[in-house]
Amino acid sequence: MKKILCLNYSQSGQLHDIIENFIAPIEHAEIDRVKITIKDRFQFPWKVNNFYDAMPETVLEEPIELESFSFKEENYDLIILGYQPWFLSPSMPTSSLLQNDRFLKRVKNTPVITIIGARNMWLNAHDSVTNRIRSAGGQMVGNIALVDRAPNHASAVSITHWMLTGKKTRKWGIFPLPGVSDEDIKDVSKFGITLNEFLKSNNFDNLQPELIKKGAVRINSNILFIEGKAKKIFLIWANLIKKKEAEGKNRSFWIKFFRIYLNVALFGVAPILLFFDILLFRPFKMKVNKKKKEHYAYLGIK
Ligand SMILES: Cc1cc2nc3c(=O)[nH]c(=O)nc-3n(C[C@H](O)[C@H](O)[C@H](O)COP(=O)(O)O)c2cc1C
């Protein structure tokens with residue numbers, strides 16, 4: 001009997017649903033299912049100021065206190081880690097878990113599959129997650145990234161509506177439904193079926209190409225472009241806000257400033273930059289972009 005550790009955090013329950021459907025087809029395995037929770041922080045639905053206030057510590061990956069959790073085993077044959085990106089970084093509960101010694105002990109010498117439930121920007125977060133897994137001695141063997149398929153700006157509006165009201169409904173009845181679609185959540189069991197096949201042989205060498213064939217990872221060129229620039233800018237903001245706070249300046253003033261910046265960048269500057277990129281540079285970047293997409297599709301996987 002294989003032993004699998006499967007763990008994730010979720011605020012709305014979306015990632016729990018994704019994970020449950022993913023592991024449903026797995027046979028002949030004991031699954032130690034751990035739902036990570038945190039101590040009295042990040043109320044859901046979010047208050048608008050709290051939402052942006054989570055940025056600096058999230059981007060700097062400062063750990064927070066998790067509610068206590070336990071593992072049934074010392075060693076596992078496979079770890080399934082579900083996570084969501086926050087501000088182009090692993091969510092704070094995820095980066096805290098990835099700095100937890102008891103968890104990292106289980107990661108050592110163990111194959112790891114990640115499953116992401118994001119809006120649409122997970123590349124930078126995944127860089128960090130795979131680095132942490134690899135430096136703990138884990139072997140990345142697969143990744144599935146589920147995203148909101150609505151266009152970037154529409155999904156930014158609809159996810160804000162969801163995060164601030166707690167309702168996964170259409171804003172004003174006109175915007176697309178936020179988050180990963182019900183259909184994609186249901187359909188995630190197809191990846192579980194693939195994993196089940198690989199578990200039989202205990203050889204995960206070819207797992208990621210098979211998952212990719214079934215649509216586990218889709219990388220959009222516009223998102224590649226935005227993520228290539230935005231994380232560096234978030235890091236500058238995160239460090240600036242922390243510095244101002246350390247100097248005794250009003251943190252909430254700087255958070256508000258960041259909030260204005262982010263909205264101007266997302267809805268004003270990014271579309272202009274994208275327009276020129278598509279018009280002037282994209283045709284010459286086809287090869288480079290193809291390589292980058294391949295890089296992210298197999299990030300951390302040999
Ligand atoms: C504070 C915050 C920041 C987020 N930032 C991102 C992001 O950078 N990229 C992205 O694709 N999704 C982002 N999301 C969406 C989440 O990744 C996730 O899809 C959503 O919160 C639902 O996850 P849940 O299962 O925890 O409810 C963010 C959500 C929150 C709450």
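The values are calculated or read from the model by the stated rules, or taken from the named source; none is laboratory data. Note that the structure is a prediction, hence the values are computed from the model and not measured. Cβ placement follows ideal geometry from the backbone for every residue including glycine, while neighbour counts extend to all protein chains displayed.
Computed quantities for the displayed model
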{"read-out": "Counted residues, region 17-56 - those being closer than 17 Å to S189 by Cα, in contact with a strand residue (DSSP E or B) (Cβ under 9 Å, 6 or more places away or on another chain) and touching a residue at least 60 places away in the same chain (Cβ under 8 Å)", "value": "8"}
{"read-out": "Test for G248: is it outside the structural domain of R134 (by TED's automatic domain parsing), farther than 20 Å from H153 by Cα and touching a strand residue (DSSP E or B) at 6+ places or on another chain (Cβ under 7 Å)", "value": "no"}
{"read-out": "Single residue of region 154-193 satisfying the filter (within 26 Å of G215 (Cα to Cα), of a type in the set (A, V, I, L, M, F, W, C) and part of a helix (DSSP H, G or I)) that is nearest to the ligand (Cβ to nearest atom)", "value": "I159"}
{"read-out": "Tally, over region 144-153, of residues that are assigned to a helix (DSSP H, G or I) and either surrounded by fewer than 17 Cβ atoms within 10 Å (Cβ to Cβ) or of a type in the set (A, V, I, L, M, F, W, C) (or both)", "value": "1"}
{"read-out": "Close pairs (7 angstrom Cβ cut-off, 6 or more residues apart or separate chains): in the same structural domain as F234 (by TED's automatic domain parsing) in region 257-284, loosely packed, with under 12 Cβ neighbours inside 10 Å and not aliphatic (A, V, I, L, M) anywhere", "value": "none"}
{"read-out": "Criterion violated by A24 - all others in (1) on the phi > 0 side of the Ramachandran plot; (2) away from the ligand (no atom under 12 Å from the Cβ) satisfied", "value": "(1)"}
{"read-out": "Helices (runs of 4 or more DSSP H) (entirely within region 32-135) containing at least 2 residues that are buried (at least 16 other Cβ atoms within 10 Å of the Cβ), within 17 Å of the chain's Cα centre (by Cα) and away from the ligand (no atom under 16 Å from the Cβ)", "value": "123-135"}
{"read-out": "Residue in region 5-20 that is farther than 23 Å from V180 by Cα, within 21 Å of the chain's Cα centre (by Cα) and among the aliphatic types (A, V, I, L, M) present", "value": "yes"}
{"read-out": "Among residues of region 208-252, those that are within 18 Å of N143 (Cα to Cα), touching a residue at least 40 places away in the same chain (Cβ under 8 Å) and exposed (fewer than 15 other Cβ atoms within 10 Å of the Cβ), counted", "value": "1"}
